[in-house]
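K.L.:
Here you go, one structure.
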Amino acid sequence: MTAYCRISHVDKVYKRGSTETCVLKEITLDIEKGEYVSIIGHSGCGKSTLLNIVAGLTPATNGGVILEGREVNDPGPDRAVVFQNHSLLPWLTVYDNVKLAVDKVCSATKSRAERHAWTIHNLDLVQMTHAKDKRPSEISGGMKQRVGLARALAMEPKILLLDEPFGALDALTRAHLQDTVMGLHQKLGNTVMMITHDVDEAVLLSDRIIMMTNGPSAQIGEILPVPLARPRKRLELVADATFLKCRQRVLEFLYERHQFVEAA
Amino acid sequence: MNMPVAKSEISGRIFAAPTTPVAAKVLPLPVKQKPINTRARDTFGKIAATVVPPVVMVLLLLTVWQVLCMRPGATLPPPSKIWTEAYDLIVDPFFVAGPQDIGLGWRVLVSLERVAIGYGLAAVFGIALGTLVGQSVWAMRGLDPIFQVLRTISPLAWLPISLAAFRDSQPSAIFVIFITSVWPIIINTAVGIRNIPQDYRNVAAVLRLNPLEFFGKIMIPSAAPYIFTGLRIGIGLSWLAIVAAEMLTGGVGIGFFIWDAWNSSRLPDIFIALAYIGIVGFILDRIVAGVASIVTRGTAAN
């Protein structure tokens with residue numbers, strides 16, 4: 001039986017002149033349909049590189065990624081990415097940013113009116129319809145990230161790739177957006193792969209946490225299943241024994257066994 | 001630390017208020033609006049603040065000029081003499097008194113037509129070549145050194161070559177405009193294209209935009225501020241070049257008018273022509289800048 005998304009023996013080596021830097025070594029990971037997987041590790045461990053390989057933006061040196069029986073060779077809307085710095089086009093309104101994706105991805109399947117409705121529907125999902133005629137420079141960082149999320153969701157991806165989506169936000173906005181993402185995952189059943197460096201975020205959102213060892217030649221150090229029932233409530237989990245245990249396991253991994261080495 | 005408590009008490013009272021029936025009458029507040037004559041005075045004041053200083057400076061400069069050139073033996077005419085001798089040129093830009101005796105407005109229009117053709121071609125070719133150079137590393141390595149050498153050549157140095165090639169003054173003048181204004185457009189476009197953030201390229205890749213869509217939806221809007229910088233330098237240069245080119249090629253344009261006036265010792269006419277050139281150049285620059293600010297609204301804001 002093959003998995004929904006299989007990352008198989010992926011190596012990534014960057015060459016600069018005669019020096020070779022091995023970033024990722026032997027990464028093998030299966031992701032089930034509808035699963036929420038987080039990848040956590042210290043900065044520089046190749047988390048983002050792994051996400052870019054799944055997105056098709058960076059080619060793997062060895063190995064490959066198979067999504068629903070098809071090999072990933074290039075980027076495509078079936079693997080929509082929410083980028084860390086939102087990457088909205090500043091000359092388009094919020095609506096047009098989402099519409100650009102809708103027009104491109106759904107041009108064959110939806111009529112003009114349906115595409116408009118689909119754009120509005122996705123803005124509704126992230127509660128951004130009120131700002132649809134604003135430009136990205138006129139809305140806050142959290143709102144931009146919501147629009148980025150709407151754009152990705154509008155592509156109806158097979159797997160949603162989140163590259164530290166809440167990294168640049170303040171704690172309150174981040175919590176709010178985490179709840180939004182959790183709600184959407186519950187509602188739409190997306191398969192999600194998220195890069196993060198926030199332990200609480202990883203435990204709160206994920207079904208499984210993939211912990212990466214430090215680079216160079218980063219590997220998957222440990223995989224921790226999070227056996228918490230959904231829907232999860234942030235406040236109830238604060239004192240939950242399973243939540244705390246998972247949190248502790250991740251913290252131990254990151255700060256005892258694989259402490260960040262500056263020289264690495 | 002007492003502040004938050006006090007605040008919540010107040011807000012609690014405010015929220016509680018609607019539950020009890022309100023007996024108070026709603027009194028419309030008189031909207032305080034300034035009387036019309038005060039508002040008019042405000043706008044007038046603003047306009048005056050921008051208009052008066054340059055007018056004062058111009059009058060001052062004209063006075064200095066008048067004083068300096070009034071002495072007997074002065075080589076240049078004073079403003080008063082220009083006014084009396086070139087009166088017909090100043091008051092009516094669009095008179096026609098003969099095949100070579102026409103108002104400066106007509107001459108400027110002829111020059112502008114040449115600039116429009118030459119500059120239009122330069123804009124199209126410049127943006128296309130700039131995109132190529134910005135997008136392809138090999139095109140840049142091959143073409144950039146050539147551009148860097150060619151752009152330093154004076155516009156007039158091209159004139160003999162273009163006259164030899166076209167054997168006619170009209171296309172030669174247009175070619176000189178083209179070759180003068182195309183370099184800044186190419187170079188700025190290339191820089192703009194090279195500076196497209198990787199994020200936008202990633203977005204385009206994920207969406208699988210085809211090259212044409214990428215060009216229209218990502219490249220041009222993203223590079224627009226740079227492209228317009230090039231276009232603005234280009235329009236300035238082409239207006240500089242047309243005068244020089246027309247001086248040598250002849251015809252009806254404003255440049256030839258200056259040369260003709262010099263040959264027939266009509267110095268006051270030259271001053272008027274200079275004023276025309278300056279004002280038209282200024283207007284051209286403002287037009288391109290205005291278009292730029294409309295087109296690059298979103299990009300510039302970020």
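The values are calculated or read from the model by the stated rules, or taken from the named source; none is laboratory data. Keep in mind that this is a model prediction, so the values were computed, not measured. Using ideal geometry, Cβ is built from the backbone for each residue, glycine included, and neighbour counts are taken over all protein chains shown.
K.L.:
Give me a count of the residues in region A:155-169 that are over 15 Å from A:His86 (Cα atoms) and more than 11 Å from the chain's Cα centre (by Cα).
P.N.:
So in region A:155-169, the residues over 15 Å from A:His86 (Cα atoms) come out as A:155-159.
Checking which are more than 11 Å from the chain's Cα centre (by Cα) leaves us with A:155-158.
Qualifying residue count for the region: 4.
K.L.:
Still on this structure, I have one more. Would it be correct to say that B:Gly278 is free of Cβ contacts under 8 Å to residues at least 60 places away in the same chain, away from chain A (no Cβ under 14 Å) and touching a Gly at 6+ places or on another chain (Cβ under 8 Å)?
P.N.:
Working: free of Cβ contacts under 8 Å to residues at least 60 places away in the same chain: yes; away from chain A (no Cβ under 14 Å): yes; touching a Gly at 6+ places or on another chain (Cβ under 8 Å): no.
Judged against the criteria, B:Gly278 is not a match.
K.L.:
Among the numbered conditions (1) of a type outside the set (S, T, N, Q); (2) at negative phi; (3) more than 12 Å from every other protein chain (Cβ to nearest Cβ), tell me where A:Trp91 comes up short.
P.N.:
Tallying (1) of a type outside the set (S, T, N, Q); (2) at negative phi; (3) more than 12 Å from every other protein chain (Cβ to nearest Cβ), A:Trp91 fails exactly one: (3).
K.L.:
Take region A:69-88 and flag every residue that is within 10 Å of chain B (Cβ to nearest Cβ), charged (D, E, K, R) and surrounded by fewer than 20 Cβ atoms within 10 Å (Cβ to Cβ).
P.N.:
A:Asp74, A:Asp78
K.L.:
Now for a separate question. Tell me the residue from B:Gly234, B:Gly192 that is more than 14 Å from chain A (Cβ to nearest Cβ), touching a residue at least 60 places away in the same chain (Cβ under 8 Å), in a helix (DSSP H, G or I) and in contact with a Ser or Thr (Cβ under 9 Å, 6 or more places away or on another chain), please.
P.N.:
Of the residues listed, the single one that is more than 14 Å from chain A (Cβ to nearest Cβ), touching a residue at least 60 places away in the same chain (Cβ under 8 Å), in a helix (DSSP H, G or I) and in contact with a Ser or Thr (Cβ under 9 Å, 6 or more places away or on another chain) is B:Gly234.
K.L.:
Further question on the same structure: For region B:64-82, enumerate the residues that are out of contact with any Pro (no Cβ under 8 Å at 6 or more places or on another chain) and either of a type in the set (Asp, Glu) or surrounded by 12 or more Cβ atoms within 10 Å (Cβ to Cβ) (or both).
P.N.:
Answer for region B:64-82, where residues must be out of contact with any Pro (no Cβ under 8 Å at 6 or more places or on another chain) and either of a type in the set (Asp, Glu) or surrounded by 12 or more Cβ atoms within 10 Å (Cβ to Cβ) (or both): B:Leu76, B:Pro78, B:Pro79, B:Ser80.
K.L.:
Counting only residues that are more than 7 Å from chain A (Cβ to nearest Cβ) and surrounded by 19 or more Cβ atoms within 10 Å (Cβ to Cβ), which one in region B:197-216 is nearest to the chain's Cα centre (by Cα)? Explain how you work it out, then say what you get.
P.N.:
From region B:197-216, those more than 7 Å from chain A (Cβ to nearest Cβ) are B:197-198, B:201, B:204, B:210-216; that's our starting set.
Adding the requirement that they be surrounded by 19 or more Cβ atoms within 10 Å (Cβ to Cβ) leaves B:204, B:214.
On the way: B:Ala204: 32, B:Phe214: 28 Å.
It comes out as B:Phe214.
K.L.:
Being at pLDDT 90 or above and of a type in the set (Ser, Thr, Tyr): is that true of A:Thr213 here? Walk me through how you get there before you give the answer.
P.N.:
Details: at pLDDT 90 or above: no; of a type in the set (Ser, Thr, Tyr): yes.
For A:Thr213, the condition - at pLDDT 90 or above and of a type in the set (Ser, Thr, Tyr) - is not met.
K.L.:
Going through region A:112-139 one residue at a time, which ones are of a type in the set (Ser, Thr, Tyr) and at pLDDT below 90? Break it down stepwise before answering.
P.N.:
Start the filter on region A:112-139 by keeping residues that are of a type in the set (Ser, Thr, Tyr), which leaves A:119, A:129, A:137.
Passing the criteria: only A:Ser137.
K.L.:
Here is a check on your reading of the model: is A:Arg135 at the interface with another protein chain (Cβ under 9 Å from one of its Cβ atoms) and either more than 23 Å from B:Arg201 (Cα to Cα) or out of contact with any Gly (no Cβ under 8 Å at 6 or more places or on another chain) (or both)? Write out each step before concluding.
P.N.:
Values: at the interface with another protein chain (Cβ under 9 Å from one of its Cβ atoms): yes; either more than 23 Å from B:Arg201 (Cα to Cα) or out of contact with any Gly (no Cβ under 8 Å at 6 or more places or on another chain) (or both): no.
The answer is no for A:Arg135.
K.L.:
Cβ-Cβ under 7 Å, sequence separation 6+ or interchain: first residue in region B:84-101 and surrounded by 12 or more Cβ atoms within 10 Å (Cβ to Cβ), partner of a type in the set (A, V, I, L, M, F, W, C) and outside any helix (DSSP H, G or I). Which pairs?
P.N.:
B:Asp88/B:Phe95; B:Phe95/B:Ile102
K.L.:
From the residues in region A:141-160 that are within 14 Å of A:Val126 (Cα to Cα) and of a type in the set (D, E, K, R), which one is surrounded by the fewest Cβ atoms within 10 Å (Cβ to Cβ)?
P.N.:
Only one residue tops the list, namely A:Lys144.
K.L.:
Would you point out which residue out of A:Gly142, A:Gly148 is among the small types (Gly, Ala, Ser) and in contact with a helix residue (DSSP H, G or I) (Cβ under 6 Å, 6 or more places away or on another chain)?
P.N.:
Exactly one residue qualifies, and that residue is A:Gly142.
K.L.:
May I pose another question? Within region A:108-160, can you find the residues that are aliphatic (A, V, I, L, M) and over 17 Å from A:Leu92 (Cα atoms)? Spell out how you get there, then give the answer.
P.N.:
We begin by selecting, within region A:108-160, every residue aliphatic (A, V, I, L, M); these are A:108, A:113, A:117, A:120, A:123, A:125-126, A:128, A:131, A:139, A:143, A:147, A:149-150, A:152-155, A:159-160.
Scanning region A:108-160 gives A:Ala108, A:Ala113, A:Ala117, A:Leu125, A:Val126, A:Leu153, A:Met155, A:Ile159, A:Leu160.
K.L.:
Which of the residues spanning region A:1-52 are more than 24 Å from A:Arg247 (Cα to Cα) and within 19 Å of the chain's Cα centre (by Cα)? Don't jump to the end; show me each part of the working.
P.N.:
Of all residues in region A:1-52, those more than 24 Å from A:Arg247 (Cα to Cα) come to A:1-26, A:33, A:49, A:52.
The answer is A:Ala3, A:Tyr4, A:Cys5, A:Arg6, A:Ile7, A:Ser8, A:Val10, A:Leu24, A:Lys33, A:Thr49, A:Asn52.
K.L.:
Now a separate question. Any chance you could count how many residues in region B:111-134 are out of contact with any helix residue (DSSP H, G or I) (no Cβ under 8 Å at 6 or more places or on another chain) and over 28 Å from B:Leu212 (Cβ atoms)?
P.N.:
Step one: of region B:111-134, the residues out of contact with any helix residue (DSSP H, G or I) (no Cβ under 8 Å at 6 or more places or on another chain) are B:113, B:116, B:120, B:124, B:128.
Restricting the remaining residues to those that are over 28 Å from B:Leu212 (Cβ atoms) gives B:113.
Qualifying residue count for the region: 1.
K.L.:
If the Cβ limit is 6 Å and pairs must be 6+ apart or interchain, which residue in region A:45-68 that is within 14 Å of chain B (Cβ to nearest Cβ) and in contact (Cβ under 8 Å) with a residue 60 or more places away in the chain pairs with which residue that is assigned to a helix (DSSP H, G or I) and surrounded by 22 or more Cβ atoms within 10 Å (Cβ to Cβ)?
P.N.:
Listed by first residue and then by second, the contacts come to A:Ala55/A:Arg79.
K.L.:
Please state which one of B:Leu274, B:Leu284, B:Leu248 is assigned to a helix (DSSP H, G or I), surrounded by 17 or more Cβ atoms within 10 Å (Cβ to Cβ) and at pLDDT 90 or above. Reasoning before the result, please.
P.N.:
Numbers: B:Leu274 fails: surrounded by 17 or more Cβ atoms within 10 Å (Cβ to Cβ); B:Leu248 fails: at pLDDT 90 or above.
After ruling out the rest, the residue left standing is B:Leu284.
K.L.:
Moving on to the next point. Give region A:101-121 a look and list any residue that's facing chain B (nearest Cβ under 7 Å) and within 23 Å of A:Glu138 (Cα to Cα), or say none.
P.N.:
Within region A:101-121, A:Ala101 is the sole residue that qualifies.
K.L.:
Restricting attention to region B:135-154, does a residue exist that is surrounded by 22 or more Cβ atoms within 10 Å (Cβ to Cβ) and either hydroxyl-bearing (Ser, Thr, Tyr) or more than 25 Å from the chain's Cα centre (by Cα) (or both)? Explain how you work it out, then say what you get.
P.N.:
Narrowing region B:135-154 to residues surrounded by 22 or more Cβ atoms within 10 Å (Cβ to Cβ): none.
Looking for residues that are surrounded by 22 or more Cβ atoms within 10 Å (Cβ to Cβ) and either hydroxyl-bearing (Ser, Thr, Tyr) or more than 25 Å from the chain's Cα centre (by Cα) (or both), one finds none in region B:135-154, hence no.
K.L.:
Scan region B:288-302 residue by residue and report those that are touching a residue at least 24 places away in the same chain (Cβ under 8 Å) and part of a helix (DSSP H, G or I). Can you show your working first?
P.N.:
Residues of region B:288-302 touching a residue at least 24 places away in the same chain (Cβ under 8 Å): B:288-289, B:291-292, B:295-296, B:298-300.
Hits for region B:288-302 are B:Val288, B:Ala289, B:Val291, B:Ala292, B:Val295, B:Gly298, B:Thr299, B:Ala300.
K.L.:
Tell me, yes or no, whether region B:158-168 has at least one residue that is of a type in the set (A, V, I, L, M), more than 30 Å from B:Gly251 (Cβ to Cβ) and at pLDDT 90 or above.
P.N.:
If we filter region B:158-168 for residues that are of a type in the set (A, V, I, L, M), which is where we start, we get B:159, B:161, B:163-165.
Imposing the further condition that a residue be more than 30 Å from B:Gly251 (Cβ to Cβ) reduces the set to none.
Within region B:158-168, not a single residue is of a type in the set (A, V, I, L, M), more than 30 Å from B:Gly251 (Cβ to Cβ) and at pLDDT 90 or above.
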